[in-house]
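Asker: Encoded as structure tokens, here's the structure I'll be asking about.
The values are calculated or read from the model by the stated rules, or taken from the named source; none is laboratory data. This one's a predicted model, so the numbers in the text were calculated from it and none came from an experiment. Note: ideal-geometry Cβ built from the backbone for every residue, glycine included; neighbour counts use all protein chains shown. These accessible areas exclude ligands, DNA and RNA; they are computed on the full protein's heavy atoms, side chains included. Shrake-Rupley method; radii C 1.70, N 1.55, O 1.52, S 1.80 Å.
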Amino acid sequence: LVNKGGDWDRRNRLKAIECIWRCSQRQFKEASDLFIECLSTYASPELMSLADFVCHGALACAVVMPRSEIKKKVIDAPEVVEVIGYIPNVSRLLRALYECKYADYFGALAGVETDHLSVSRYLYAHRRFYTREMRIRGYAQLLESYLSLTIKSMADSFGVTQDFIDKELARFVAAGRLHCVIDKVGGVVETNRPDTKNAQYQNTIKQGDLLLNRIQKLSGVISI
């Protein structure tokens, strides 16, 4: 009956509870979807205040939602606008990510870790994972705009030292999280985006070869 809309209020409360539970399980994509679905009808003060709910949901959206959707679905959402003043670092984080202000983005991320991740019973265990994923997102977003850029300009963009950027990029490139190459001698970072079209083409050729081999084997069996 609940699935058929028999109890609309309880269904929305369930979505809100599941959203927070998904956050606690590090399932931020599912949490962000549930947050968007039930934000306009949130009525679960027994779970947490609207400001706290927006805080958790907005942080989930920040780590997984495409940049093009963040402003429309989160930043400009009336329910978010209503309470965003109570969570200024979350507001700064979202806006800095959307507006590509990376130095402010890093500052806001540090504030989010101190004021929210470290005190949330649902996100505390994931605070290091979250900040790492958000740093990777910031680096990847900046690198998408360039074929190459100097380590100095990248460090200046994020408001950190060149040594810090060099170590961070080396770590994430080695882990396969960033597609770029670091020229330490020249002090340059060159992007190395995966060519999806070429990969699809090569995969099609490979599948075609397998199909031809099977047809040849099958024709040999039939002729016998």
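Asker: Looking at the square roots a ≥ b ≥ c of the eigenvalues of the Cα gyration tensor of the chain, which shape do they give, rounded for a/c under 1.5, prolate if a/b is larger than b/c, or oblate?
Answerer: oblate
Asker: If each of residue 203 and residue 51 carries a label point 7 Å out from its Cα toward its Cβ, how far apart are those two points in nm?
Answerer: 4.7
Asker: Continuing with this model, one more query. Mind giving me the nanometre distance, one decimal, between the label points for residue 76 and residue 121, set 7 Å out from Cα along Cα→Cβ?
Answerer: About 3.7 nm, to one decimal.
Asker: Using a 1.4 angstrom probe, figure out how much accessible area the stretch 61-102 has per residue, in square angstrom, rounded to the nearest whole.
Answerer: Here the per-residue accessible area is 51 Å².
Asker: For residue 69 and residue 150, FRET efficiency with R0 = 35 Å and r from the beta-carbon atoms, rounded to 0.05?
Answerer: 0.65
Asker: Could you work out the percent of alpha carbon pairs in the stretch 122-222 separated by over 21 Å, rounded to a whole number?
Answerer: For the stretch 122-222, the fraction of Cα-Cα distances above 21 Å is 51 percent.
Asker: Okay, next question. How high is the relative contact order of the stretch 82-224, given as a whole-number percent (alpha carbon pairs under 8 Å, six or more residues apart)?
Answerer: The value is 17 percent.
Asker: Calculate the spin-label point distance for residue 181 paired with residue 110, positioning each point 7 Å from the Cα along the beta-carbon direction, and give it in nanometres.
Answerer: Result: 3.4 nm between the two label points.
Asker: To the nearest 500 deg cm²/dmol, what mean residue ellipticity at 222 nm is calculated for the chain from DSSP H runs of n ≥ 4 alone, each contributing -39,500 (n - 2.57), summed and divided by the residues?
Answerer: Mean residue ellipticity, 222 nm, calculated: -20000 deg cm²/dmol.
Asker: Okay, next question. In whole percent, and with a 1.4 Å probe on the protein chains, what portion of the accessible area of the chain is carbon and sulfur?
Answerer: Looking at the chain in its full context, I get 53 percent from C and S.
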